[in-house]
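Worksheet: the structure to be examined is printed underneath.
The values are calculated or read from the model by the stated rules, or taken from the named source; none is laboratory data. Every value quoted in this text rests on a predicted model; they were computed, and no experiment measured them. For neighbour counting, all protein chains shown are included, and Cβ atoms are generated from backbone atoms with ideal geometry for every residue, glycine included.
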Amino acid sequence: MSMPVPIHADDEAAEYDYPHLPGEELDPLLESTLHSAWCHLLVTSARHTLADTDAVVSGNTPFVPAGQKYHTAPDLLVVPGMRGRDFGRYVVDEHGIVPSVCVEVVSASNTWPRLERRYRRWLEAGVPEVYAVHPAQQSVDRVELVDGQIVHRDATGVYSEGMQMTFTMIGDRLGLCCPGGRAVTLDDDPIAWMVQERKRADAERERADAAEARAAALEAEINRLRGG
C-alpha cells in the first residue's frame, strides 16, 4: 500500500510555478477583480496614447534595475526605445534604458515595507515617474524620493509625460484623461473608447488632407490664370 506524499510549504512557493522568473517577488498575480480592472485600464490606455512612439508598454513585467539581480513587477511599465523588443524580465544592464514610468496599483494585502522597497528601487534606478494608484480610495499619488525619504504627493490633475495622460476625477471616480480629451474610468470600455478616438483622429486627418488638397488646387488655378 503506497503512502501519501507529504506536502511541504516550499512546494507551493511561487518559484515552482514561475521557474523562468529568478529573483524576488515571484508571484505576479492580480489580487482582486478591482486590481485586475485597474491594471487593464492603465495598460490599455497607455498603449493607445503611446501607439505612435517607440515605447514598450507592459503590465506586471519583472523589472531589474542596473547593478541588481532582484526584480519587482510594476503593474504598468513604460520603457522608451524598446518598441518591437520582447523580454521575460526587463533587465536594465542588458538593454541600457531606464523605464520612464512605473505604476503600482496598491492592493489590500500590500504592506508598507514591501511598497517602500518597490518604490525605492524604482526611484533609485532613475525612473522619473512613479505612481501609486489606490483603487479603494479613488486616489493616486506621485511617489518621489526627497532627501532619501519616500514622499507621496497627490497626482490628481497632473499630466504624465511618460504616459501622455492625466489622472483625473470624474465625479467621485478616479479616471484617466487621454488625447482627444476623452476621460475613462473603470465604468467605461477602453477598447470601444479607443475605436471611437481612432475614428475621430482619422476623420480629422481626412478633413485636413481635403483642406490641403483644396488649397493646392486653388493655388494651381490662380497660377494658371496668372499665366494666362
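Pick from region 168-179 the residues that are within 14 Å of the chain's Cα centre (by Cα) and without any contact (Cβ under 8 Å) to a residue 40 or more places away in the chain: which of them is surrounded by the most Cβ atoms within 10 Å (Cβ to Cβ)?
Going through region 168-179, the residues within 14 Å of the chain's Cα centre (by Cα) turn out to be 175-178.
Filter once more, so that each one left must be without any contact (Cβ under 8 Å) to a residue 40 or more places away in the chain: 175, 177.
Numbers: G175: 22, C177: 18.
Only one residue tops the list, namely G175.
If R214 satisfies all but one of (1) modelled with pLDDT of 90 or more; (2) surrounded by 16 or more Cβ atoms within 10 Å (Cβ to Cβ); (3) part of a helix (DSSP H, G or I), what's the number of the condition it fails?
Among (1) modelled with pLDDT of 90 or more; (2) surrounded by 16 or more Cβ atoms within 10 Å (Cβ to Cβ); (3) part of a helix (DSSP H, G or I), R214 violates only (2).
Could you grab me the full set of residues in region 111-127 that are surrounded by 15 or more Cβ atoms within 10 Å (Cβ to Cβ), assigned to a loop (DSSP other than H, G, I, E, B) and without any contact (Cβ under 8 Å) to a residue 40 or more places away in the chain?
V127
Output yes when any residue across region 44-62 is farther than 29 Å from D189 by Cα and outside any loop (DSSP other than H, G, I, E, B), and no when none is. Before the answer, list the steps.
Kept after step one, since they are farther than 29 Å from D189 by Cα, are these residues of region 44-62: none.
There is no residue in region 44-62 that is farther than 29 Å from D189 by Cα and outside any loop (DSSP other than H, G, I, E, B).
Kindly provide the set of residues from region 128-167 that are surrounded by 19 or more Cβ atoms within 10 Å (Cβ to Cβ) and either free of Cβ contacts under 8 Å to residues at least 40 places away in the same chain or part of a strand (DSSP E or B) (or both), ordered by number.
Selection gives E129, V130, Y131, A132, V133, V140, D141, V143, A155, S160, M165, F167.
The rows are residues; the columns are (1) at pLDDT 90 or above; (2) touching a Leu at 6+ places or on another chain (Cβ under 8 Å); (3) aromatic (F, W, Y).
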| site | (1), (2), (3) |
| --- | --- |
| G162 | yes, no, no |
| M165 | yes, yes, no |
| G180 | no, no, no |
| L186 | no, yes, no |
| E206 | no, no, no |
| D209 | no, no, no |
